[in-house]
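Structure, as structure tokens:
The values are calculated or read from the model by the stated rules, or taken from the named source; none is laboratory data. These numbers come from a predicted model, not from an experiment. Cβ placement follows ideal geometry from the backbone for every residue including glycine, while neighbour counts extend to all protein chains displayed. Note: accessible area is taken over every heavy atom of the protein model, side chains too, but ligands, DNA and RNA are not part of it. Shrake-Rupley method; radii C 1.70, N 1.55, O 1.52, S 1.80 Å.
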Amino acid sequence: MVAAANGAVAFNGDSSPQTLSTTLSTLPGPNHDWSVSLKSKVIAITGANQGIGLGIAEVCLANDAACVFSLDILEPAEPFCLLAKRFPGKLEFQACNVTDEESVKAAIDAIVAQKGRFDGMVANAGATKHQPALDFTMDEVKKLFELNVYGAWNCATAAARTFIKLGCKGSIVFTASMTSYRPNRAAPSAPYGATKGAIRNMTHTLAMEWAQHGIRVNSVSPGFVKTALTYYVETSPDWDTKMKYYGGMPRLALPQELGGAYVYLLSETSTYTTGIDIPIAGIVGAW
């Protein structure tokens, strides 16, 4: 039995040992930092002026990210400005329309020009509309796909091209949804669930294609999260009943409670983690 250079042993069909190659470019370096930290990293998060995106940004900054850029079509409001004051010079805004391929490219180019590096893209911007399937117009369906799917595609492909150009083993994290696994019984939206199913499939395929460049692609699937878009959930007259009989954590998540998964997937600790989805849905039983 012969050990490989990395301590592993392989056998061929007749049980003769074969040495495994250790020349893969995706292997961590000899001085790899194994702490779960975003130290020195420059991260872009789409739709981070508020809601889930801003919560992710806060957790990234709490875990030592050098700078987090919110790529958003709207100007920052008070919640963004308050977080920026807590982390002076580390939370910035970059105007960007994710449905416009050139706008995304220009935003990433501006980040690289300003910071000299680019390490992670969180394709988080999205929207939903809850109503019965037969009440949707085709225009409404198309708008959901344009933002949630095509927007995410623009961000992922622009980020990958930049990572390859910079020679950076970057990380891409999509925000998917538990509705990509099963229907949202509390607030159905067939088109929204379909867009998030597309995101999860795209995660697997892009991870496969871009692994050769050291680029990792993963997704996070939140359940109900307490944001301006989900305020109505807890006002449902049968909310308490659902919580009593369906189990799970009897509340909505704070946006920041999702952040640990994103930090892990953006960090150097996850260099062998790609093509997966991490569900974070403490009230999964209520769906």
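Identify, from the list ALA159, ALA190, the residue that is among the small types (Gly, Ala, Ser) and either free of Cβ contacts under 8 Å to residues at least 12 places away in the same chain or under 14 Å from ILE108 (Cβ atoms) (or both). Let's see the steps before the verdict.
Working: ALA190 fails: either free of Cβ contacts under 8 Å to residues at least 12 places away in the same chain or under 14 Å from ILE108 (Cβ atoms) (or both).
The conditions single out ALA159.
Give me the residue from region 193-216 that is open to solvent by 50 Å² or more (accessible area, probe 1.4 Å) and not β-branched (Val, Ile, Thr) and, out of that set, farthest from THR273 (Cα to Cα). Walk me through it before giving the result.
Taking region 193-216 and keeping what is open to solvent by 50 Å² or more (accessible area, probe 1.4 Å), we get 201, 204-205, 208-209, 212-213.
With not β-branched (Val, Ile, Thr) added as a condition, the list becomes 201, 204, 208-209, 212-213.
Numbers: ASN201: 16, HIS204: 11, MET208: 12, GLU209: 14, GLN212: 14, HIS213: 14 Å.
So the residue we want is ASN201.
Conditions tested, residue by residue: (1) polar (S, T, N, Q); (2) touching a Cys at 6+ places or on another chain (Cβ under 6 Å).
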| site | (1), (2) |
| --- | --- |
| LEU71 | no, yes |
| ASP109 | no, no |
| ALA159 | no, no |
| THR162 | yes, no |
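Return yes or no: is ARG182 open to solvent by 10 Å² or more (accessible area, probe 1.4 Å) and either among the hydroxyl-bearing types (Ser, Thr, Tyr) or part of a loop (DSSP other than H, G, I, E, B) (or both)?
Values: open to solvent by 10 Å² or more (accessible area, probe 1.4 Å): yes; either among the hydroxyl-bearing types (Ser, Thr, Tyr) or part of a loop (DSSP other than H, G, I, E, B) (or both): yes.
For ARG182, the condition - open to solvent by 10 Å² or more (accessible area, probe 1.4 Å) and either among the hydroxyl-bearing types (Ser, Thr, Tyr) or part of a loop (DSSP other than H, G, I, E, B) (or both) - is met.
With respect to LYS142, is the statement that it is over 27 Å from ILE215 (Cα atoms), among the charged types (D, E, K, R) and in a loop (DSSP other than H, G, I, E, B) true?
Values: over 27 Å from ILE215 (Cα atoms): yes; among the charged types (D, E, K, R): yes; in a loop (DSSP other than H, G, I, E, B): no.
No; evaluated as a whole, the condition is false for this residue.
Taking region 150-167, which residues are buried (at least 22 other Cβ atoms within 10 Å of the Cβ) and aliphatic (A, V, I, L, M)? Give the derivation first.
The initial filter retains those residues of region 150-167 that are buried (at least 22 other Cβ atoms within 10 Å of the Cβ), namely 151-152, 154-156, 158-159, 163.
Within region 150-167, ALA152, ALA156, ALA158, ALA159 meet the criteria.
Just to be sure I understand, how many residues within region 63-95 are open to solvent by less than 50 Å² (accessible area, probe 1.4 Å), part of a strand (DSSP E or B) and either among the hydrophobic types (A, V, I, L, M, F, W, C) or closer than 25 Å to SER37 by Cβ (or both)?
Within region 63-95, residues that are open to solvent by less than 50 Å² (accessible area, probe 1.4 Å), part of a strand (DSSP E or B) and either among the hydrophobic types (A, V, I, L, M, F, W, C) or closer than 25 Å to SER37 by Cβ (or both) number 9.
Exactly one of (1) part of a loop (DSSP other than H, G, I, E, B); (2) surrounded by fewer than 20 Cβ atoms within 10 Å (Cβ to Cβ) is unmet by PHE118. Its number?
(2)
Do you know which residues across region 128-149 are over 15 Å from ALA190 (Cβ atoms) and either crowded, with 16+ Cβ neighbours inside 10 Å or of a type in the set (A, V, I, L, M) (or both)?
LEU147
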